[in-house]
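What follows is one structure encoded as structure tokens, with my remarks underneath.
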Amino acid sequence: MTRVLVAGESWVSQSTHFKGFDSFTTTTYHTGIDPLRDVLVADGIEVDHLPAHDVPALFPGTPEALAAYDVIVLSDIGANSILLHPATWLASEKTVNRIDLLADWVEQGGGLAMAGGYLSFQGFEAKAAFAGTAVERVLPARISRYDDRVETPQGVPGLLADDAHPIVAGLPAQWPDLLGYNRFALPEDATLLATVAGDPLLAVRQAGAGRTLAWASDIAPHWCPDEFVSWDGYRTLFTRAVRWLAKEL
């Protein structure tokens, strides 16, 4: 069975409530993994979810731990969370550079995808900070050094760019609207599969013995609204993407 690790796609929100003289705070926990996990599991793919707050301590830190997976998806999780193990951050101990380790794993045959979001690619206020890292070296994306978000609240459709590739073969020429994405450029050896507002939406690349994929928008709301998630092509697109990364297509 194909095994996938999705890192990220969770967040904690804190609110302060003011009621006259008094105030109090509340916290809530949220995940955005369900739409992607549901379609992958329905297709017979095993999915492990590593929430964002667990990434610093638990993201794979050895070649053996990475080898347990066929595909790793980074979704709305910044480079710092992967780089800064608690042993380094809290105790000033040397730890493995897991960004470098991940890129090496790809070049030795692994499958890596990055999905868009406020903490993907370079992200909101450039805080995702993947530009210039080894992960950028293997992705089909040349990442901006600046805030790379493109907000499209009016909705813009995805447009098919390569109807022959097995990930998108048979999908319609125009896809449902998206509400935003991360803008990146393509390296020369990347293959563009779909565009949004004239920018890359979906691209793939061979990186050494491995394969990589960049999806510029979210995998779930808010940038990827219910209209897109409920589209039949959503399941086709992402299950094929994972199977292509795992070299099953």
Lone unmet requirement of (1) out of contact with any helix residue (DSSP H, G or I) (no Cβ under 7 Å at 6 or more places or on another chain); (2) closer than 23 Å to Ser230 by Cα; (3) open to solvent by 60 Å² or more (accessible area, probe 1.4 Å); (4) not charged (D, E, K, R) for Tyr118: (1)
Arg98 in contact (Cβ under 8 Å) with a residue 24 or more places away in the chain, basic (Lys, Arg), open to solvent by 70 Å² or more (accessible area, probe 1.4 Å) and within 25 Å of Ala52 (Cα to Cα): no
Number of the condition not met by Ile77 [criteria: (1) open to solvent by 50 Å² or more (accessible area, probe 1.4 Å); (2) assigned to a loop (DSSP other than H, G, I, E, B); (3) closer than 25 Å to Thr239 by Cα]: (1)
Any chance Asp104 is part of a loop (DSSP other than H, G, I, E, B) and either under 19 Å from Leu213 (Cβ atoms) or charged (D, E, K, R) (or both): no
Tally of residues being outside any strand (DSSP E or B), within 18 Å of Trp215 (Cα to Cα) and in contact (Cβ under 8 Å) with a residue 60 or more places away in the chain across the stretch 107-132: 7
Subset of the stretch 30-46 (residues that are loosely packed, with under 13 Cβ neighbours inside 10 Å and not in a helix (DSSP H, G or I)): His30, Gly44
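The values are calculated or read from the model by the stated rules, or taken from the named source; none is laboratory data. On a predicted model such as this, the values are computed, not experimentally measured, just so you know. In this analysis, Cβ positions are derived from the backbone assuming ideal geometry, glycine residues included, and neighbour counts consider all displayed protein chains. To get the accessible areas, we keep the full protein, side chains included, count just its heavy atoms, and leave off ligands, DNA and RNA. Shrake-Rupley method; radii C 1.70, N 1.55, O 1.52, S 1.80 Å.
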